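Values quoted throughout were computed directly from the atomic coordinates according to the rules given, and no laboratory measurement underlies them. Small disclaimer: the values here were computed from a predicted structure and weren't measured. Here the Cβ positions follow ideal geometry from the backbone for every residue, glycine too, while neighbour counts run over all protein chains shown.
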Amino acid sequence: MNNWIKTSVLSAAAASMLMVSLPAAEARDHWHRHHHRGGGDAVAAGVIGLATGAIIGGMVANSGPRYVEERRYYEAPPRYYRPAPRPVYRTYEPWTREWYRYCGNRYRSFNPSTGTFVGYDGIERFCEAN
């Protein structure tokens with residue numbers, strides 16, 4: 001509705017400007033009207049007519065009923081999730097060959113005779129490979 005009012009006001013303003021300019025064009029002297037071959041008046045009238053036609057055409061095009069496409073929302077299909085694979089934690093029995101290998105590779109300060117390592121805090125701890 002708001003667009004229709006704007007278009008109506010603009011077309012009325014264009015029409016009033018056209019009506020104001022017509023008497024001024026007729027007020028020119030007879031010689032200039034009949035003997036001047038420039039065609040400037042015809043071009044001006046064409047431009048004004050084109051503008052007025054565009055405004056009125058836009059008003060007519062916007063005045064029709066508007067159809068809004070109906071949107072249908074469908075439920076998304078259910079999602080099935082597999083449980084994430086659990087990480088495999090290997091635990092080594094202390095004093096086995098695998099335990100020695102793990103602790104020696106993990107801790108630089110590993111002492112194989114006691115099974116301990118020295119942490120960054122300086123405390124000696126037993127290597128638990130779990």
Going fewest to most other Cβ atoms within 10 Å around each Cβ, PHE117, PHE126 line up as PHE126, PHE117
Packing-based exposure ordering (other Cβ within 10 Å, fewest first) of ARG82, ARG101
ARG82, ARG101
The residues ILE48, ILE123, sorted from fewest to most surrounding Cβ atoms within 10 Å, come out as ILE123, ILE48
